[in-house]
Structure formats: structure tokens, C-alpha cells
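Chemist: Can you read through this structure? Questions will come right after.
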Amino acid sequence: MNVAIVKYNAGNVYSVVSAMKRLGVEPVLTDDASLLRAADKVIFPGQGEASTAMAYLREHGLDSVIKSLRQPVLGICIGQQLMCRHSEEGNTDCLGIFDVDVKRFIPQRHEEKVPCMGWNAITETRSPLMYGLENEFVYFVHSFYVPKCDYTIATANYIMPYSAAMHKDNFYSCQFHPEKSGSAGEKILTNFLQL
């Protein structure tokens, strides 16, 4: 299977490369439009800051490439946030694949720390991406979140319920890091490869 991972100015892409190799897939890490379009599956991962990430994507024409993809695409962490309409992080217009805005966590109580970091359960799961994953624990690290919406296919709860994963057409996304989430994360990546 031909899997392409979007190469851009974001951290953590190499842990996704390693996760794919553990599943027996040798992915290509690329910012080449023709390689991204030719892939069977595309993963759009990363950790970073929304405005600088979007500036890089626009500068390299990757914003229009990602939106034009027709095969299954999986956004991870900031990848999920960049697939939304707008982010409060840096007051940034994003790709607009998901017609919803990214919000900053506002702690309501002293014990609620931002960033949200650590293991949390996902509930209300649906879609083939989430098959077999109700109430599984996965690893999160993020200061911004996507509210629950029509695209939500898994919910997590930190300060409030929010979108842990989303799906629209051929686009899927996870706020958490499946590549750092042990057997549950491996199951999600396997589900993605089988879409």
C-alpha cells in the first residue's frame, strides 16, 4: 500500500513514520503534490502552531493540494485543527474542510491545566475509523479543541465534551496521537489503512 505523509514545518511527523513501519507499511514523507495525489492513503500529522503551519502550507501550495485529495486522508493533532475553518490560535483561517472553528481551552477550575496532556477515554464512537474503540484510552496533548459538531465521530471530555475525532467525505481526523496511543492507536491506524 502506498501511504504518503505530508511533510511540512510541523513536529512529530517521524513518530507517525515509525508507527506506519510497525504496521508493515513503508510510507513516503513528502511535500510533492504528485506523490500526495498518487498515494492510496494520506496522513496529515503534526504538532505546532496554527498560523505558522498555515503560512507554510499556503507558501508551498499544500493547502490547495490537501483540499483536492480524493483518497482517504487522516489529520492528526494540529492536522485535525488545520482541516477546520478557523482557529483561535493566531486568529488563523485554515483549510475549511470541516465547517467548524477551533477554540482555545479556558480552564473553569484550578485543577484544569492547559495544555490538556495525557491519556483520556474516547466515547460516542462511530464510523469505520473508530471501529472497536468505544471507551478506549488514547494520548492527547493540545491547548485548542474542536467543539462537538455534525462531523464528530468520537468524543473526549476535558473541561467540556469536544471532538476527539471527525469525519467528512474522504477526510478523517484525530485530535489525539494514535501513533503514541499504544494498542488503541495502532487499531485506529489499522482501521484507516483498511478504509
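The values are calculated or read from the model by the stated rules, or taken from the named source; none is laboratory data. Quick caveat: nothing in here was measured; it's all calculated off a predicted structure. Neighbour counts run over all protein chains shown; Cβ positions are idealised from the backbone, glycine included. Protein only, heavy atoms only, side chains kept; ligands, DNA and RNA dropped before computing areas. Shrake-Rupley method; radii C 1.70, N 1.55, O 1.52, S 1.80 Å.
Chemist: Averaged per residue, what accessible area in Å² does the chain show with a 1.4 Å probe, protein chains only? Let's see the in-between values first.
Modeler: Details: 8340 Å² over 195 residues.
Per residue, the chain has an accessible area of 43 Å².
Chemist: Tell me what the chain gives for mean residue ellipticity at 222 nm when only DSSP H runs of n ≥ 4 count, each as -39,500 (n - 2.57), the sum divided by the residue total, rounded to 500 deg cm²/dmol.
Modeler: Numbers: 6 runs with 51 residues, N = 195.
Using -39500 (n - 2.57) per qualifying helix, the result is -7000 deg cm²/dmol.
Chemist: Got a number for carbon plus sulfur as a percent of the range 1-127's accessible area, 1.4 Å probe? Working shown, then result.
Modeler: Details: 2820 of 5840 Å².
Answer for the range 1-127: carbon and sulfur cover 48 percent of the accessible area.
Chemist: How high is the relative contact order of the range 84-187, in percent, with contacts defined as C-alpha pairs under 8 Å that are six or more residues apart? Display every interim value, and only then the final one.
Modeler: Working: 220 pairs, mean separation 23.3, N = 104.
Rounded, it is 22 percent for the range 84-187.
Chemist: To continue, here is another question. Just the projected area, averaged over all directions, of the convex hull on the alpha carbon atoms of the chain: how many nm²? Intermediate results must be reported in sequence, preceding the final value.
Modeler: Details: hull surface 38.3 nm².
Mean projected area for the chain: 9.6 nm², to one decimal.
Chemist: In percent, what relative contact order does the chain have, based on Cα pairs under 8 Å that are 6 or more apart in sequence? Could the numbers behind the result be given before it?
Modeler: Working: 441 pairs, mean separation 35.8, N = 195.
Rounded, it is 18 percent for the chain.
Chemist: In debye, nearest 20: dipole of the range 22-138 around its Cα centre with unit charges on the Cβ of K, R (+) and D, E (-)? Intermediate values should be presented prior to the final figure.
Modeler: Values: 12 positive and 17 negative charges, 33 e Å.
Magnitude of the dipole: close to 160 debye.
Chemist: Between N2 and T123, how high is the FRET efficiency from 1/(1 + (r/R0)^6) when r is the Cβ-Cβ distance and R₀ = 45 Å? Nearest 0.05.
Modeler: 0.85
Chemist: With a 1.4 Å probe and all protein chains kept in place, how much accessible area does C149 have, in Å² rounded to the nearest 10?
Modeler: 40
Chemist: Need the full-extension length gain, S143 to S15, defined as separation in residues times 0.36 nm minus the C-alpha distance. One decimal, nm.
Modeler: Stretched out fully, the S143 to S15 stretch lengthens by 44.0 nm.
Chemist: Calculate, in whole percent, how much of the Cα-Cα pair population of the range 141-194 lies beyond 16 Å.
Modeler: Numbers: 617 of 1431 pairs.
Value for the range 141-194 (Cα pairs over 16 Å): 43 percent.
Chemist: With springs connecting C-alpha atoms under 10 Å apart, model the chain as a Gaussian network and identify which of R126, R109, R22 has the largest mean-square fluctuation.
Modeler: Of the options given, R109 has the highest mean-square fluctuation.
Chemist: A further question on this structure: With a sphere of radius 12 Å drawn around the Cβ of L133, what net charge do the other residues whose Cβ falls strictly inside it have (Lys, Arg +1; Asp, Glu -1)? List each step's numbers first, then the result.
Modeler: Details: positive: R126, K187; negative: E124, E134, E136, E186.
The answer is -2.
Chemist: Quick one: length gained pulling D150 to N91 fully straight, 0.36 nm per residue minus the C-alpha distance?
Modeler: Numbers: separation 59, 0.36 × 59 = 21.24 nm, distance 2.30 nm.
That pair, D150 and N91, stretches by 18.9 nm at full extension.
Chemist: For the pairs K41/K187; K113/K168; K7/K113, flag any whose C-alpha to C-alpha distance is greater than 28 Å.
Modeler: In this structure, K113/K168; K7/K113 lie more than 28 Å apart at Cα.
Chemist: Rg and Dmax of the range 1-106 over Cα atoms: what are they, in angstrom?
Modeler: 13.3, 42
Chemist: Place a point 7 Å from the Cα of K168 along the Cα-to-Cβ direction; which residues of the range 67-81 have their backbone N under 13 Å from it?
Modeler: 67-68, 80-81
Chemist: Continuing with the same structure: Could you report the accessible area of R85 in Å², rounded to 10, computed with a 1.4 Å probe on the protein chains as they sit in the structure?
Modeler: 100
Chemist: Rounding to the nearest 20 debye, state how big the charge dipole of the chain is about its Cα centre with +1 on each Lys and Arg Cβ and -1 on each Asp and Glu Cβ. If you can, show how the numbers build up before the last one.
Modeler: Working: 18 positive and 21 negative charges, 40 e Å.
So the dipole magnitude of the chain works out to roughly 200 debye.
Chemist: Could you state the number of Å between the C-alpha centres of the range 5-69 and the range 158-173?
Modeler: Value for the Cα centre distance between the two parts: 19 Å.
Chemist: Can you give me the three principal axis dimensions of the range 60-128 from its C-alpha atoms, in Å, biggest first?
Modeler: Taking max minus min along each principal axis of the Cα atoms, the range 60-128 gives 43, 32, 19 Å.
Chemist: Which helices pass in the chain if a helix is a full DSSP H run, must span at least 15 angstrom along its long axis by Cα, and must have mean Kyte-Doolittle hydropathy not below -1.0?
Modeler: Qualifying helices, which must be both long enough and hydrophobic enough, are 182-194.
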